[in-house]
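Read-outs throughout are calculated quantities, based only on the coordinates presented, and are distinct from any laboratory measurement. Keep in mind the model is a prediction, meaning the values are calculated, not measured. As a convention, Cβ positions derive from the backbone with ideal geometry for all residues, glycine included, and neighbour counts pool all protein chains shown.
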Amino acid sequence: MSNNVVKKWMLQRISAVILLPVLIWFLSIFTGLIQKDYQTVLAFFKNDINFVFSVILLVLVFFHMKIGMGEIFEDYIQNSRYKSVANFIISVFATVLPLVTIVSLVLIKFN
Amino acid sequence: MDDLQKNRPLSPHLQVYKWQLSSLLSITHRLTSIINTAGITLICSWILSLYMGENCYKYFSMFASSFIGKFILIGFTWSFSYHLLNGVRHLFWDMGYGYEIKTANLSGIVVLVSSFLLTIGFWILA
């Protein structure tokens, strides 16, 4: 039990450290890219490096988010059943959304 | 034991704290984490609209270039910037640095000011 908490604590920090440069890269490009036309954005995500970094970003952001939300639930939800339900909903959300998005990125890249 | 397990103490709810810079920035860290979740969801929908094709992407572009869209996007950029910078502050604390009240207040102000500068930077760069 306590080991699990320590592991989560570590994983939250490790994902944060990796996310630092990846997020700075993404934000500096995103603000310009979102104003560009369809073809330009399509070409951006077809690029190998951009594709890989985008996938890393999606995986880590949702991983980091799931642990963080769990921490908030731990602090503010007393009823353990409600807490489990909240954690379950976040788990589904943090799995399905990045998965669907990454599949789209793969289909964009190899189409 | 069983009762103790069931009724474990919660964190004190926010209303009981006296407002001060340290708590305000800490609450903002959590608040921006929730806003960031909405932000990454928007980014996912942006990629999904790209996959759906040019017609669908047009609607996203219309939203992104509208006044409200710009406002939301700049807001998300600030939220990500703040959470990122304050996260660095947290990492220093985790390593045992910066706990003195003076240092913590100063680093807090640096984070707050930098978050706005970083947001402006990202959008000037764009």
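Charge tally for A:V106 (other residues, Cβ to Cβ under 13 Å; Lys, Arg +1; Asp, Glu -1): +1. Per-residue shielding of A:32-45, expressed as the average number of other chain Cβ atoms within 10 Å of the residue Cβ, stands at 4. Assuming charge only on the beta carbon of Lys and Arg (+1) and of Asp and Glu (-1), the dipole of the range B:1-125 about its Cα centre is about 220 debye to the nearest 20.
Under the definition of Cα pairs under 8 Å and six or more residues apart, what whole-number percent is the relative contact order of chain B? Don't skip to the answer; put the middle values down first.
Working: 57 pairs, mean separation 36.0, N = 126.
29 percent.
Working from Cα pairs under 8 Å separated by at least six residues, relative contact order for the range A:2-109 is 34 percent.
Working value for the protein assembly as shown: equivalent-ellipsoid semi-axes of 33, 23, 16 Å, each the square root of 5 times a Cα gyration tensor eigenvalue, largest first.
Give, as a single signed number, the net charge of other residues whose beta carbon lies under 12 Å from the beta carbon of B:T37, with Lys and Arg counted +1 and Asp and Glu -1. Each step should come with its number before you reach the end.
On the way: positive: A:K66, B:R30; negative: none.
Taking every Cβ under 12 Å from that of B:T37, the sum is +2.
Electrostatic bookkeeping for A:F63 treats Lys and Arg as +1 and Asp and Glu as -1; over the other residues with beta carbon under 15 Å from its beta carbon, the sum is +3.
Each listed q (0.13, 0.22 Å⁻¹) maps to a log10 I(q)/I(0) for chain A, found by the Debye formula over equal Cα scatterers with no solvent: -0.61, -1.22. FRET efficiency for the pair A:D48 and B:Y17, taken as 1/(1 + (r/R0)^6) with r the Cβ-Cβ distance and R0 = 41 Å, rounds to 0.25. Going from the residue with the fewest nearby Cβ atoms within 10 Å to the one with the most, B:I101, A:I77, B:I43 rank B:I101, A:I77, B:I43. Note on chain A: helix-only mean residue ellipticity at 222 nm, from DSSP H runs of 4+ residues weighted -39500 (n - 2.57) and normalised by residue number, equals -32000 deg cm²/dmol.
For the protein assembly as shown, the number of Lys pairs separated by eight or more positions or lying on different chains, with C-alpha atoms closer than 20 Å, is 15.
With only Cα atoms counted, the range B:1-99 has Rg and Dmax values of 19.6, 61 Å.
Sparse packing (at most 11 other Cβ atoms within 10 Å of the Cβ) combined with a DSSP loop state is found for the following chymotrypsin sites (Phe, Trp or Tyr not before Pro) in the range B:37-126: B:Y99. The stretch between B:F67 and B:L112, if pulled fully straight at 0.36 nm per residue, gains 13.7 nm over its current Cα-Cα span. In terms of other Cβ atoms within 10 Å, A:V5, A:V61, A:V41 run from fewest to most in the order A:V5, A:V41, A:V61.
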